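A.B. asks: Below is a structure I'd like to ask you about.
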C-alpha cells in the first residue's frame, strides 16, 4: 500500500468461506480502498488505522446473479470497479464497526533471548520470521548475535545475501522488515528441514 498513490483500490480475495455467512467488505483508510472478505485477510493493513468499513450488500453494485462459489467475480470485483469509478463507499452497503482482525505473530523476550517463529517460506526457500527489524535493533543494539532455528545454529546476521556462505544458512533483515533465514544459492527450508511455525531464537554473542 505505501507504494501506491491515494485513491488506489486494492482487491484481495483469499476466501475459503465463500458462500457462507462471512461478510464481504470494502474499507476506506489512509486515502486507499480495500476490498475483500471479512475473514482477516485485510488484517495487516487495518491494524492501528482509522478506517470506514461497509458490508457489500447493495444489489446494484454486484452482478445480477451471484454464485455461491465465485464472489471474487460477482461481488468483490464489481465493488472494486465501482469504487475506482468514483462511487462513494457508503453507497455499497451498511457500516461495519467490527471487521475481523487476526492476531499477527511477533517476537518476545525470554530472559536474554529474543524468540519468534517462521511465518512463511518464500519461493526461494527463505524462511521469513516473525522477528521484526525494530525488535532486533532494540534487543541487540548493533551487537553481534547468534541465531538458531528449531535448535539448529545458523550463521550470524549479515548485511547482504552475497555475504552468506554457499550451503550454510545465515540470517538477514529482508525487504519485509523482518529477519529472514536464507542460504545463498540454495534453500534454507531444505537445508534446515523446517517450515512454518518453527521456533527462532536470537541471543547476543558472549
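The values are calculated or read from the model by the stated rules, or taken from the named source; none is laboratory data. The shown structure was predicted, so the numbers you read here are calculated from the model rather than taken from an experiment. Quick reminder, even Gly has a Cβ in these numbers, built from the backbone with ideal geometry, and neighbours come from all protein chains shown.
A.B. asks: Identify all residues within the range 117-138 that are in a helix (DSSP H, G or I) and surrounded by fewer than 18 Cβ atoms within 10 Å (Cβ to Cβ); write none if there are none.
C.D. replies: Correct list: 133, 134, 137, 138.
A.B. asks: Residues in the range 82-98: is at least one part of a loop (DSSP other than H, G, I, E, B) and on the phi > 0 side of the Ramachandran plot?
C.D. replies: Checked the range 82-98: at least one residue is part of a loop (DSSP other than H, G, I, E, B) and on the phi > 0 side of the Ramachandran plot.
A.B. asks: Still on this structure, please answer the following. So, residue 27, is that one under 29 Å from residue 176 (Cα atoms), assigned to a loop (DSSP other than H, G, I, E, B) and at pLDDT 95 or above or not?
C.D. replies: The answer is no for residue 27.
A.B. asks: From (1) within 23 Å of residue 108 (Cβ to Cβ); (2) free of Cβ contacts under 8 Å to residues at least 24 places away in the same chain; (3) more than 24 Å from the chain's Cα centre (by Cα), pick out the condition that doesn't hold for residue 162.
C.D. replies: Here residue 162 clears every test but (1).
A.B. asks: Another one. Of all residues being assigned to a loop (DSSP other than H, G, I, E, B) and within 21 Å of the chain's Cα centre (by Cα) in the range 165-186, which is surrounded by the most Cβ atoms within 10 Å (Cβ to Cβ)? Just the residue, please.
C.D. replies: 174
A.B. asks: Residue by residue through the range 187-205, note down the ones that are part of a strand (DSSP E or B) and over 23 Å from the mean Cα position of the chain (by Cα).
C.D. replies: Residues satisfying the conditions are 203, 204.
A.B. asks: Further question: Report yes if residue 114 is outside the structural domain of residue 149 (by TED's automatic domain parsing) and either touching a strand residue (DSSP E or B) at 6+ places or on another chain (Cβ under 8 Å) or in a loop (DSSP other than H, G, I, E, B) (or both), otherwise no.
C.D. replies: In short, no.
A.B. asks: Look at the range 40-80 and say how many of its residues are without any contact (Cβ under 8 Å) to a residue 40 or more places away in the chain, within 24 Å of the chain's Cα centre (by Cα) and assigned to a helix (DSSP H, G or I).
C.D. replies: 1
Residues checked against (1) at pLDDT below 95; (2) under 20 Å from residue 70 (Cα atoms); (3) in a strand (DSSP E or B):
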residue: 1; (1), (2), (3): yes, no, no
residue: 6; (1), (2), (3): yes, no, no
residue: 10; (1), (2), (3): no, yes, yes
residue: 19; (1), (2), (3): yes, yes, no
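A.B. asks: Being over 13 Å from residue 117 (Cβ atoms), out of contact with any helix residue (DSSP H, G or I) (no Cβ under 9 Å at 6 or more places or on another chain), loosely packed, with under 13 Cβ neighbours inside 10 Å and modelled with pLDDT under 95: is that true of residue 146 here?
C.D. replies: Here the answer is no, as residue 146 does not meet what is asked.
A.B. asks: Can I ask one more? Mind telling me which of the residues 11, 25 ends up being touching a helix residue (DSSP H, G or I) at 6+ places or on another chain (Cβ under 7 Å) and farther than 18 Å from residue 104 by Cα?
C.D. replies: Going through 11, 25 in turn, just one is touching a helix residue (DSSP H, G or I) at 6+ places or on another chain (Cβ under 7 Å) and farther than 18 Å from residue 104 by Cα: 11.
A.B. asks: Another question, if that's okay. Scanning the range 37-76 for residues that are within 13 Å of residue 92 (Cβ to Cβ) and in contact with a strand residue (DSSP E or B) (Cβ under 7 Å, 6 or more places away or on another chain), which turns out surrounded by the fewest Cβ atoms within 10 Å (Cβ to Cβ)?
C.D. replies: 52
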